[in-house]
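Shown next, in structure tokens, is the structure this report addresses.
The values are calculated or read from the model by the stated rules, or taken from the named source; none is laboratory data. Every value quoted in this text rests on a predicted model; they were computed, and no experiment measured them. Every residue, glycine among them, receives a Cβ derived from its backbone with ideal geometry; neighbour counts consider all protein chains shown. Side chains are part of the model used for accessible areas, which takes the heavy atoms of the whole protein and leaves out ligands, DNA and RNA. Shrake-Rupley method; radii C 1.70, N 1.55, O 1.52, S 1.80 Å.
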Amino acid sequence: MNRRVLLTASMTGVIGLAAASVQADTLYIGAYGGSSEYAMKESIIPAFQEKHDVDIVYVAGNSTDTLARLQAQAGQQELNVVLLDDGPMYQAVNLGFCAPMNGLEALDDVYDIARFANDNAVGVGVVASGFAYNAEMFERNGWEPPSSWRDLADEKFQGKIVVPSVSNTYGLHALVMAARLNGDGEDDIDPGFEYIQDSVVPNILSFETSAGGMSQLFQNEEIALSVWGSGRVQALADTGFPVKFAYPEEGAVALMVAGCIVDGSGEDELSRAFMAHLLSPEIQAILADTQGWGPSNRYTELDDELAASLPYGDRIDQLTSVDWDTINPQRMEWTNRWNRRVER
């Protein structure tokens with residue numbers, strides 16, 4: 001009887017070890033919900049799982065949620081790879097949450113504007129902050145397409161403009177560009193506030209931040225022009241609405257969808273492989289088609305129609321960037337000031 005018990009225990013142990021040896025590793029990805037989550041699960045993750053024999057747990061959340069999760073799990077990180085907007089990503093890097101990706105060959109194929117210092121993060125997709133405008137309304141009124149950030153102050157747009165709140169990245173970009181128009185910038189934002197308050201606010205109908213709200217304002221023809229992102233504009237245009245995106249001559253602002261490997265989370269090689277997967281031309285093309293993200297990999301090929309609607313090729317050179325290391329420590333004060341003096 002004892003020999004049978006020992007034999008059974010021994011066999012159980014062997015079976016357990018064998019099961020463990022074939023069990024797939026698990027990679028935890030923290031990234032956006034909605035259409036991004038759908039595209040990841042349907043078109044991007046399955047090929048990676050099959051190639052690397054790995055299970056992927058997708059933890060959906062906006063950039064603020066994911067950054068908060070990193071902070072809450074400091075020292076015991078659950079997430080292996082995260083995707084964040086560039087502002088929160090700079091915070092994550094400065095807080096020490098992102099591991100260097102030195103030697104990742106895919107980085108050599110990425111546009112310079114998508115590279116982060118020390119390669120602790122990298123732009124996976126590029127969105128341009130510029131102008132969305134109702135092309136039919138502009139044509140009816142004989143208006144030229146918007147071409148400068150100064151157009152926000154044009155009196156013909158009185159009550160027909162949306163500039164999102166500064167708590168939203170598009171609104172923040174508008175504030176920084178207003179400061180730059182008047183000789184300063186991130187280091188001295190006062191001229192930006194003054195210009196927005198004195199010259200732009202009279203034209204602003206609302207400070208809408210949600211994509212759904214912005215789309216409705218356009219569709220109801222309550223607004224003709226807004227500060228918005230190229231990806232959002234493309235999504236609205238795909239519904240058949242005559243919205244177009246315009247690049248201001250002073251530069252549309254690059255909004256980077258950035259990825260990083262979470263430092264100390266384990267599964268480093270699989271995490272690096274997943275980042276390389278996201279940066280491959282094939283996956284970059286899927287992200288461009290499904291998310292409206294301009295490819296950060298310079299060797300990505302898009303069809304002419306899609307390429308015309310995104311930051312792509314030569315348009316990348318028309319983008320400017322903002323200094324998040326200067327902005328982030330001041331952002332709360334700017335938001336409070338905006339709420340008191342602009343949206344009062």
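Quick one: net charge around residue 243, please, counting Lys, Arg +1 and Asp, Glu -1 for every other residue with C-beta under 15 Å from its C-beta.
For residues surrounding residue 243, the net value is -2.
Using all alpha carbons of region 158-247, what is the percent of pairwise distances in each 5 Å bin, ordered from the shortest bin to the longest?
3, 15, 23, 24, 18, 11, 5, 2, 0
Check residue 27: other-chain or 5+ apart residues with amide H under 5 Å from its amide H, H built from backbone geometry?
55, 56, 57
Restrict the search to region 297-344; then list the chymotrypsin sites (Phe, Trp or Tyr not before Pro) that DSSP places in a loop and that have at most 11 other Cβ atoms within 10 Å of their Cβ.
Passing sites in region 297-344 are 299.
Using a 1.4 angstrom probe and counting only protein chains, how large is the accessible area of residue 43 in Å², to 10?
Estimated to the nearest 10 Å², residue 43 gives 60 Å².
Quick check on the chain: helices-only [θ] at 222 nm, where DSSP H runs of length 4 and up contribute -39,500 (n - 2.57) each and the sum goes over total residues. Nearest 500, please.
One gets -11500 deg cm²/dmol as the mean residue ellipticity at 222 nm.
Computed over the Cα atoms of region 59-132, what is the ratio Rg over Rh, Rh following Kirkwood?
Here Rg/Rh amounts to 0.98.
Expressed as an acute angle from 0 to 90° and rounded to the nearest 10, what is the orientation of the C-alpha long axis of helix 2-22 relative to the principal long axis of the chain?
So the helix axis and the longest Cα principal axis differ by about 30 degrees.
Hey, what did the chain get for relative contact order, percent, Cα under 8 Å, at least 6 apart?
After rounding, I find 25 percent.
Which residue, 168, 200, 309, has the largest displacement toward the positive end of the dipole of the chain when charges sit on each Cβ (Lys, Arg +1; Asp, Glu -1)?
168
Taking a cut-off of 13 Å between Cα atoms, list the aspartates and glutamates near residue 51, but don't count ones fewer than 8 places away on the same chain.
25
For region 243-295, I need the span (max minus min coordinate) of the C-alpha atoms along each principal axis, in Å, sorted largest to smallest.
44, 23, 15
To the nearest 20 Debye, how big is the dipole of the chain about its Cα centre, given +1 on the beta carbon of each Lys and Arg and -1 on that of each Asp and Glu?
For the chain, the charge dipole is close to 1160 debye.
Can you list the lysines whose alpha carbon sits under 23 Å from that of residue 156, skipping same-chain ones fewer than 8 residues off?
Partners within reach: 244.
Could you state the principal axis extents of the C-alpha atoms in the chain, from the largest down, to the nearest angstrom?
The Cα atoms of the chain stretch 94, 41, 36 Å along the principal axes, largest first.
May I ask you to rank 65, 85 by accessible area, largest first, using a 1.4 Å probe over the protein chains only?
Reading off the accessible areas and sorting them downward yields 65, 85.
Quick one: if you stick a label point 7 Å off each Cα along the C-beta vector at residue 147 and residue 269, how many nm between them?
It is 5.6 nm.
Where does helix 281-291 land angle-wise versus the long Cα axis of the chain, in degrees 0 to 90, nearest 10?
Rounded to the nearest ten degrees, it is 50.
In whole Å, what is the distance between the alpha-carbon centres of region 237-257 and region 118-194?
Region 237-257 and region 118-194 have Cα centres separated by 10 Å.
Given a 1.4 Å probe and the protein chains all in place, what does the accessible area of residue 98 round to, in Å² to the nearest 10?
The value for residue 98 is about 10 Å².
What does the charge dipole of region 167-252 about its Cα centre add up to, to the nearest 20 debye, if the Cβ of each Lys and Arg holds +1 and the Cβ of each Asp and Glu holds -1?
Dipole magnitude for region 167-252 comes out near 460 debye.
Can you compute the equivalent ellipsoid semi-axes for region 70-186, i.e. the square root of 5 times each eigenvalue of the Cα gyration tensor, sorted largest first and rounded to whole Å?
Taking √(5λ) for each Cα gyration eigenvalue gives 37, 17, 14 Å.
For residue 124, which sequence-distant residues (separation of 5 or more, or a different chain) have an amide H within less than 5 Å of its own amide H, given hydrogens modelled in the peptide plane?
Counting only residues 5 or more places away or on other chains, the set is 257, 258, 259.
Report, to two decimal places, the Cα Rg of region 40-86 normalised by 2.2 N^0.38 Å (N = number of residues).
The reported ratio for this selection is 1.31.
Starting from the eigenvalues of the Cα gyration tensor, five times each then square-rooted, give me the equivalent ellipsoid semi-axes of region 269-344, largest first, whole Å.
Rounded to whole Å, the semi-axes are 33, 19, 12.
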